[in-house]
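Structure, as structure tokens:
The values are calculated or read from the model by the stated rules, or taken from the named source; none is laboratory data. What you see is a predicted model, and the numbers here were worked out from it, not measured in a lab. Note: ideal-geometry Cβ built from the backbone for every residue, glycine included; neighbour counts use all protein chains shown. Surface areas here come from the heavy atoms of the whole protein model, side chains and all, with no ligands, DNA or RNA. Shrake-Rupley method; radii C 1.70, N 1.55, O 1.52, S 1.80 Å.
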Amino acid sequence: MLLLFAFGLGSGGFDVAMNAEAVAVEREMGKPIMPSFHGFFSLGGLAGALNGSLVAGAGIRPVLHVALTCAAGFALVWFAARAMLPTHATHSPDEQHQGFRLPHGVLLLLGLLAALALVSEGAMYDWSTLYMSQELASPASIAALGYAAFSGAMAAGRFGGDWLRGRLGASLTLQLSTWLTGAAMLLTLLIGERWAAIGGFALVGLGLSNVIPVLFSAAARVPGVSPASGIAGVSGIGYLGFMCGPPLIGAIAEHSSLSSGLLVVAFFAVLVALLTPHAMHGIARPDAARVPH
């Protein structure tokens, strides 16, 4: 338990550092590229899952598997860190030495939106396959397709997110994405048919794909707050939703049904859509925050 706690601390710091660097690169380039970073994150998760399946099938002991994975990960991080931008390029000297502060104002609102979105993501990770098998009586081979459709659409949506945000802006991208998420989930639950659910889960993945990347990018552009501090504050609140969402849906499912529990995804998506204009007001576009050479 202690080692897992330490692993969680390291993963959280790593997550903030990666996103802060992505924001710095985004500023230097003067165009939105955060969704593509998260798209590669999704591809990495897919590659890791496939690798784990192959390693388990080959009979390699978990201890050796973890040791080799750690060694490869350390080498990759060391190589990537050498190409990172210098610290002074990410924010002004006044912002550079900011420590962690409890989020308030617009950062708090962005964090709440992230929490609502991550409740929905966590629900899809933990409950989509069970919904397919339990509520729609799907065999295991078909039930797994619901989650696969969600993950594949999320990765694809993130790679197209740069183009979408560059043309529509962050606020409208968030609103359209979350309206799509809410409508897709609601129709999926109303239709209640396995193949419609697979298509519906794909649309939910497409809708959710750019919500967290856009919110993290916005958190790094809040005036007077360093990128790392903004991302840390928003992600700290957001991941509470990722942690608490699945048990919330499970509790609703226990007292009613899993279909009723998954209505939370649609409800929270609509909340994000309605609150987005207030959260994004006054936050500069990425190209407006470009660091001069």
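Laid out as a table, the results:
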| quantity | calculated |
| --- | --- |
| Three-way shape call for the chain based on the alpha-carbon gyration tensor, with the a/c threshold at 1.5 | oblate |
| Shape of the range 151-268, Cα gyration tensor, a/c cut at 1.5 | oblate |
| Gain on full stretching of the segment that runs from A67 to L172 - 0.36 nm per residue minus C-alpha separation | 33.4 nm |
| Within a Gaussian network of the chain (alpha carbon springs, distance under 10 Å), most fluctuating of V265, V77, V16 | V77 |
| Helix-only CD estimate at 222 nm, as mean residue ellipticity for the chain, using -39500 (n - 2.57) per DSSP H run (n ≥ 4) | -26500 deg cm²/dmol |
| Spin-label pair A144/Y125, simplified geometry with 7 Å Cα→Cβ offset, distance in nm | 2.0 nm |
| Accessible carbon and sulfur surface of the chain relative to its total accessible area, %, 1.4 Å | 73 percent |
| Accessible area in square angstrom per residue, the chain, 1.4 angstrom probe | 51 Å² |
| Counted charge near E21, where neighbours are those whose Cβ lies closer than 14 Å (Asp, Glu -1; Lys, Arg +1) | -1 |
